[in-house]
Amino acid sequence: MKRFIPTEYANGIHDIDVKGLKDKGIKLIMLDIDNTLAPSSKKAPSASTVNWIANAKKMGLEVVLFSNNSKKRVNFFNKQLNLYTIHRALKPLAYNFIKIAKRFDVGIDEICMIGDQIFTDVWGANNAGVMSILVLPLSADEGIDIRFKRFFENRVIKKNKPETYCLIGNPVAHSKSPILHEQVYKFYGIKAKYMLCHAEKENLRQILLQFKKTGVKGFNITVPFKHDIMPYLHEISADAKKIGSVNTVSINDGNWTGYNTDVTGFAMQLKSNNTVIKGSRVKIIGAGGSTAAIVYAVLSEGAASVTVYNRTMDKARQLALKFDGVVAAALDEFNAKDCDILINTTSVGLYPQIDKSPVSDLEGISQSAIVYDIIYNPPETRFMKIAKERGCQAYNGLDMLIFQGLAADEIWFGKKIINDELIQQIREVIGN
Ligand code: ATR
């Protein structure tokens, strides 16, 4: 069985830590083409694939196309890339792997094969003693012979791949979620892996299908797919339905359920700071992707009033229409008076624009008002500084991120995960 187990798994080429490979001593990557770099039906690589390859080369790695397909297919695909190629590579035989090592004068242990098939790419790499990374096939558009092989491949993957959770989104490369969840697994001794999954809208369906076939137990979903995921789910929690956005999916016996743990995450963050929500007057700046979850959270915890200020008034109005008792206002009309909790949900002040704030002043704010910014990079935003200068307590969005992640783990593992010591460890590993 060992010969069918890749060294590593990745959801797609964009989720591979190329720098990490280089640091491990890899000097050359061999790339399968069909369903690894492009769906079999696409004659040429996409712009993002071209960029990915250019980036790997910029890092000083040799890149070779290594395909079992015909000379015509490989040469056409390579037109723009201009890479060294091997067609009819005879995978899983070791012969051409060795040939590449000799041709580029690199050691067998300095090569990494990246491909989507176990019985060609992975087996071949193992036969040659080369590192391998198995990615999900980019499309289901495959010949009958390959589909037949996939049936066995998926069984092998289900048996050998560690229990996997993922984050689907675009972009996801810089997400802190893997660090957060891996810390949870370490803390509780859970044998699981959390992986990134860069998706394009057109391959979302195929990714979900592969998750199903290979036994993924759950995943988070982020921008821009929090709404797009909904038609694929069997059940959706009441809060996620109301907000129109899902960030967590659990898969149980083929049953897919969607949740929104941003709601729970925000409520938990406020409670952990002893911020009283019940009866509070809440003002929110921004009406973007994360605002609805925050509005839902404060309303369900009994806020007395919620006013949403946004630069684009229409978006604030749309949001207010979804909830009873929410008032929409233009950002120009913002004032910080008569407010117990003030929250910035805009992206203004996010790194690198750290000197910016959605409002220049918080004149009239009560010193007892508690101020939140959902941004956590930088740890103290300009907005938070202005609030502190007015004598208010101000918190960044790191705890919201942590709590939404832990709430997802509680759903997946069906047990209490949230723990003060763990939260402190996560804060230390992901910043602040
Ligand atoms: P989206 O709206 O696509 O979900 P987001 O990053 O979640 O994107 O939200 C961005 C929020 O920051 C919005 O409320 C946006 O205001 P608009 O709706 O008017 O675009 C707000 N925002 C971004 N840049 C801003 C700026 N320079 N000044 C004020 N608000 C800004």
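The values are calculated or read from the model by the stated rules, or taken from the named source; none is laboratory data. The shown structure was predicted, so the numbers you read here are calculated from the model rather than taken from an experiment. Counting neighbours? That spans all protein chains shown, and the Cβs are built from the backbone with ideal geometry, glycine included.
The set of residues from segment 215-229 being more than 16 Å from the ligand (Cβ to nearest atom) and surrounded by fewer than 19 Cβ atoms within 10 Å (Cβ to Cβ) comprises Gly215, Lys217.
Let's see how each residue does on (1) in a helix (DSSP H, G or I); (2) not assigned by TED's automatic domain parsing to the domain that holds Asn273:
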residue: Asn377; (1), (2): no, no
residue: Met384; (1), (2): yes, no
residue: Ala387; (1), (2): yes, no
residue: Glu410; (1), (2): yes, yes
residue: Ile418; (1), (2): no, yes
residue: Gln425; (1), (2): yes, yes
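Kindly indicate the residue of segment 177-208 that is free of Cβ contacts under 8 Å to residues at least 12 places away in the same chain and in a helix (DSSP H, G or I) and also nearest to Ala38 (Cα to Cα) among those meeting that condition. By that ranking, first place goes to Glu202. Being surrounded by fewer than 19 Cβ atoms within 10 Å (Cβ to Cβ), at pLDDT 95 or above and within 21 Å of Ile100 (Cβ to Cβ): is that true of Thr7 here? Yes: the conditions hold for Thr7.
Only one of the listed residues (Ile365, Ile402, Ile354) is of a type in the set (A, V, I, L, M) and either in a strand (DSSP E or B) or surrounded by fewer than 21 Cβ atoms within 10 Å (Cβ to Cβ) (or both). That residue is Ile354.
Scanning segment 272-301 for residues that are more than 16 Å from the ligand (Cβ to nearest atom) and part of a loop (DSSP other than H, G, I, E, B) returns Asn273, Asn274, Thr275, Val276, Ile277, Lys278, Gly279, Ser280, Glu301. Restricting attention to segment 115-129, the residues that are β-branched (Val, Ile, Thr) and either in a loop (DSSP other than H, G, I, E, B) or in contact with a Phe, Trp or Tyr (Cβ under 9 Å, 6 or more places away or on another chain) (or both) total 2. Going through segment 344-374 one residue at a time, which ones are within 15 Å of the ligand (Cβ to nearest atom) and of a type in the set (Val, Ile, Thr)? Across segment 344-374, the qualifying residues are Thr345, Thr346, Val348, Ile354, Val359, Ile374.
Looking at segment 59-95, which of its residues are assigned to a helix (DSSP H, G or I) and either of a type outside the set (S, T, N, Q) or touching a Phe, Trp or Tyr at 6+ places or on another chain (Cβ under 7 Å) (or both)? Those that are assigned to a helix (DSSP H, G or I) and either of a type outside the set (S, T, N, Q) or touching a Phe, Trp or Tyr at 6+ places or on another chain (Cβ under 7 Å) (or both): Lys71, Lys72, Arg73, Val74, Phe76, Phe77, Tyr95. Confirm whether Ile229 is in contact with a strand residue (DSSP E or B) (Cβ under 6 Å, 6 or more places away or on another chain) and of a type outside the set (D, E, K, R). Judged against the criteria, Ile229 is a match.
Out of all the residues in segment 377-395, is one or more more than 16 Å from the ligand (Cβ to nearest atom), surrounded by fewer than 17 Cβ atoms within 10 Å (Cβ to Cβ) and of a type in the set (Ser, Thr, Tyr)? No, segment 377-395 contains no residue that is more than 16 Å from the ligand (Cβ to nearest atom), surrounded by fewer than 17 Cβ atoms within 10 Å (Cβ to Cβ) and of a type in the set (Ser, Thr, Tyr).
For segment 1-16, the candidate set comprises residues that are of a type outside the set (Val, Ile, Thr) and in contact with a strand residue (DSSP E or B) (Cβ under 9 Å, 6 or more places away or on another chain); within that set, the residue that is farthest from Glu163 (Cα to Cα) is His14.
Report, by residue number, each residue of segment 33-52 that is assigned to a loop (DSSP other than H, G, I, E, B) and either in contact with a Lys or Arg (Cβ under 6 Å, 6 or more places away or on another chain) or at negative phi (or both). Answer for segment 33-52, where residues must be assigned to a loop (DSSP other than H, G, I, E, B) and either in contact with a Lys or Arg (Cβ under 6 Å, 6 or more places away or on another chain) or at negative phi (or both): Ile33, Thr36, Leu37, Pro39, Ser40, Ser41, Lys42, Lys43, Ala44, Pro45, Ser46. Does Tyr232 qualify as being closer than 30 Å to His174 by Cβ, in contact with a helix residue (DSSP H, G or I) (Cβ under 7 Å, 6 or more places away or on another chain), assigned by TED's automatic domain parsing to the domain that holds Met195 and modelled with pLDDT of 95 or more? So Tyr232 fits the description; yes.
Scanning segment 302-343 for residues that are β-branched (Val, Ile, Thr) and surrounded by fewer than 15 Cβ atoms within 10 Å (Cβ to Cβ), we see that the one that is farthest from the ligand (Cβ to nearest atom) is Val327.
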